[in-house]
Amino acid sequence: MGVLVAVAGASGYAGGELLRLISAHPGLELGPIAAGSKVGAPVTDLHPHLTGLADREFEPADPALLAGADLVFLALPHEQSAALAAGLPDRVAVVDLSASFRLADPANWARYYGGTHAGRWTYGLPELPGARAAIAGSSRVAAPGCHATAAILALAPLLMAGLAAERDVVIVSASGTSGAGRAPSAGLLATEVMGSITPYKAGGVHRHTPEIEQALGEAAGLTPTVSFTPLLAPMPRGILATCTARLASPRPDPAAAAGALAHAYAGEPFVRVLPAGQWPTTAATVGSNAVHLQAAIDGHCGRVVVAAALDNLGKGAAGQAIQAANLMLGLPETTGLTAMGVAP
């Protein structure tokens, strides 16, 4: 019998991916499956692919019910997540997939989210310097956002190595439609999305902007300024972040950028720096907890370019949450996860 875990917000896309991964995880036992608006409905009504859970129904998102688990995954909107977390006893470990506990600065929270700042938990991106030990020693972990994970892993090694300047960082990141959640929206209808790609929340207002700046700044000891533009792409899953920054020195070695990535992520189980000339594709990461990276020096305009691809429901959400939970529970970090995607 494994560690008993519960999922709140299990009716959503990230919640469903958590259920899938937990069901196949040799160290975890699936306890309460909570979804406030779907109480009593069979899990397979919303997740027909999870046939192993055909006898399970969604339960109330009640802190007293969830407190019976050893660890709770919160896959809820940030307002609901913070309120539910406050009702869980300290003895229960929690991994929160929302933004509720990612930001340290209350002013940034007020600007980008509004309402009461709930505080900051350990940031759950294990590949950052010192993060693994911090996660392993924590009972409350905030899983990073999907766009943020791709951008941070792409840029942190370059800032840390002094290759990229901190004040002119530009990120254009495309996301699959599952990143917008399951709530119905005219803008997410197939007839609106298929055959089209569009920016949204451009102009520095997207909520991942302060998260990216915070994580990059803490990793490199700098105060980066990030221009972040997300795009909605006609695909169910995936993130492709194209990140550029002005070079800190005029004539670096053309291989320096890829070399900095390879050095930073040597031995990392879920980060793949691709061979020279090969660029990341979202399709190659689907169903995995992997991040694929590639970099080049653009000598023509004096910038470095890094591309990162991941599955927004895998390394961008549920997979990353499982990775953090493994560390928190003293399990091998890779347990129940794979770095290999599904094709075609």
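Residue 178 falls short of the stated requirement of being touching a strand residue (DSSP E or B) at 6+ places or on another chain (Cβ under 7 Å) and under 24 Å from residue 16 (Cβ atoms).
When the residues of the stretch 204-249 are filtered to those that are among the hydrophobic types (A, V, I, L, M, F, W, C) and out of contact with any strand residue (DSSP E or B) (no Cβ under 8 Å at 6 or more places or on another chain), which remaining residue is modelled with the lowest pLDDT? Here the answer is 205.
A count restricted to the stretch 25-66 and to residues that are in a loop (DSSP other than H, G, I, E, B) and under 25 Å from the mean Cα position of the chain (by Cα) stands at 10.
Taken over the stretch 175-216, the residue count meeting the criterion of being in a loop (DSSP other than H, G, I, E, B) and among the polar types (S, T, N, Q) is 2.
Residues that are of a type in the set (Lys, Arg) and surrounded by 15 or more Cβ atoms within 10 Å (Cβ to Cβ) number at least 1 in the following strands (runs of 3 or more DSSP E) confined to the stretch 229-344: 239-247, 271-273, 303-310.
Among the residues of the stretch 133-174, those identified as in a strand (DSSP E or B) and touching a strand residue (DSSP E or B) at 6+ places or on another chain (Cβ under 6 Å) are 140, 141, 142, 164, 165, 168, 169, 170, 171, 172, 173, 174. Of the residues that make up the stretch 89-98, is at least one within 22 Å of residue 121 (Cβ to Cβ) and basic (Lys, Arg)? Within the stretch 89-98, one or more residues are within 22 Å of residue 121 (Cβ to Cβ) and basic (Lys, Arg).
Taking the stretch 80-131 as the range and being surrounded by fewer than 16 Cβ atoms within 10 Å (Cβ to Cβ), in contact (Cβ under 8 Å) with a residue 24 or more places away in the chain and assigned to a helix (DSSP H, G or I) as the test, the residues that pass are 86, 111.
Taking the stretch 260-295 as the range and being farther than 30 Å from residue 49 by Cβ, touching a Phe, Trp or Tyr at 6+ places or on another chain (Cβ under 7 Å) and not aliphatic (A, V, I, L, M) as the test, only 294 passes.
The values are calculated or read from the model by the stated rules, or taken from the named source; none is laboratory data. Here the structure is a predicted model, which means the values were calculated and not measured. Cβ coordinates were reconstructed from backbone atoms using ideal geometry, including for glycine residues, and neighbour counts include every protein chain displayed.
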